[in-house]
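Comments concern the structure below.
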Amino acid sequence: NTTLETIFSPIQDYLSGITSEGSAAINDQNLGWIGALASDGIERKNAYWIKVDVEDDEIDFTLSVSGLPTSPNTIYNLHEFANLISYVGPDSMLVPDALPDEVEEYIEGIITQGKATQIDPNLGIWVGSLNRFHLGEGYWIKIKEDIDIDMSWNPESSRSSKDKPNDKNLNDSENHFKFNQSMLQSFYFLDNIEVSTFILDQNDIIVSYCNDIIVGSRQFNGIHTDVPAMGRDVNNPGYCDENSIPNFKIYDYETDRLIDMFSIDIPVWTNLGINNISLIELSSERAPYSNEIINVYPNLFN
């Protein structure tokens, strides 16, 4: 029985809504679950945002569901742009191992809650904080070509590990730069970064802002670090929207400084965006301290 009432009954009183790709449902106190998703029920191939509404932010829930196992050979029909799907392969499988080789070339990027990955065109490898697929988590797979693709997860791989590494990207410093997870999110991958007044290392934190509000943070992990930028929703009215261009700062752990970073090529924020940027620190030694109009004769275009 895949109805919302059956699956979510143990925690139903704490849920305000459930959203999937193209459908949603809300939990009305009088009418119960209403919306297209309430009629469809939970489907094995789909993934879902579960919106929990509690007064205490420290409360977490564990939801266990019993049922028939899903075949790892399940076929997913992927269309152009973003597909929100489940993962049913072996738990903790590496991204390149889980994806069929013939499908990888059509994928622009993969996004899950607070993490993303894409293929570096020069290195030909997957980069970003999302490096493994986990059972119980959903994934946006972005197809970049105007085609439809049938895909199934690779059922096994000798290169995959059964160990479940700690994928957590927060260190003690990053706790100072917490942000709320939004259903709308975008990611900015670092192609290049230049600093002049400090040494950038893995203790440092890259922080994204919209409207002077922290909308994402990520521990620096070298070039290709994916910095999240959360989007505006009901619970986060000041977050990024499609008119926003995020700005970035770096928290230097050794000196306890928050340092402004600049770029001329930061793309406008879009939901599920996969972007590449370069950042530079403009120190007082490099920043201009005056401006002047000088002679442009004889050619003002020089």
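With the simple model of a label 7 Å out from the Cα in the direction of the Cβ, Asp13 to Asn221 spans 3.9 nm. Computed over the alpha carbons of the range 233-272, Rg followed by Dmax gives 13.4, 37 Å. The relative contact order of the chain, computed from alpha carbon pairs under 8 Å that lie at least 6 residues apart in sequence, is 14 percent.
Would you mind calculating the gained length between Thr3 and His79 on full extension (0.36 nm times residue separation, minus the Cα-Cα distance), in nm to one decimal? Please report the intermediate quantities before stating the final value.
Details: separation 76, 0.36 × 76 = 27.36 nm, distance 2.61 nm.
Separation in residues times 0.36 nm, less the Cα-Cα distance, equals 24.8 nm.
Over the chain, accessible surface divided per residue gives 58 Å², non-protein components excluded, 1.4 Å probe. Give me log10 I(q)/I(0) at q = 0.14, 0.20 Å⁻¹ for the range 179-302, Debye formula, one equal scatterer per alpha-carbon, no solvent. Calculated log10 I(q)/I(0) at the listed q: -0.64, -1.06. Take every pair of alpha-carbon atoms less than 8 Å apart whose residues are at least six positions apart; their mean separation over the length of the range 1-105 yields a relative contact order of 25 percent.
Peptides 220-228, 108-116, 241-249 ranked from most to least packed give 108-116, 220-228, 241-249, packing being the mean of other C-beta atoms within 10 angstrom over each peptide's residues. Dividing the summed helix terms, -39500 (n - 2.57) for each DSSP H run of n ≥ 4, by the number of residues in the chain produces a 222 nm estimate of -1000 deg cm²/dmol to the nearest 500.
Quick one: with all protein chains in place, what share of the accessible area of the chain is carbon or sulfur, to the nearest percent (1.4 Å probe)? It is 47 percent, rounded to a whole number.
Can you give the FRET efficiency to the nearest 0.05 for Ile50 and Glu102, using r as the Cβ-Cβ distance and R₀ = 25 Å? Mind showing how you got there, number by number?
Details: r = 33 Å, r/R0 = 1.31.
Efficiency for this residue pair is about 0.15.
In terms of packing, defined here as the mean over residues of other Cβ atoms within 10 angstrom, the peptides 189-198, 67-76 line up highest first as 189-198, 67-76. Extension gain for Asp256 to Asp40 (0.36 nm times residue separation, less C-alpha to C-alpha distance): 72.6 nm. Debye-formula intensities of the range 6-80, expressed as log10 I(q)/I(0) at q = 0.19, 0.21, 0.24, 0.25 Å⁻¹, are -0.93, -1.07, -1.26, -1.31 (one equal scatterer per alpha-carbon, no solvent).
Projected label points at Ser66 and Ser152, each 7 Å from Cα along the beta carbon direction, are separated by 2.8 nanometres.
Model label points for Asp28 and Ile280, set 7 angstrom from Cα along the Cα-to-Cβ axis, are 5.7 nm apart.
The values are calculated or read from the model by the stated rules, or taken from the named source; none is laboratory data. The shown structure was predicted, so the numbers you read here are calculated from the model rather than taken from an experiment. Virtual Cβ from ideal backbone geometry, glycine too; neighbours counted across all protein chains shown. For accessibility, only protein heavy atoms count, side chains too; no ligands or nucleic acids. Shrake-Rupley method; radii C 1.70, N 1.55, O 1.52, S 1.80 Å.
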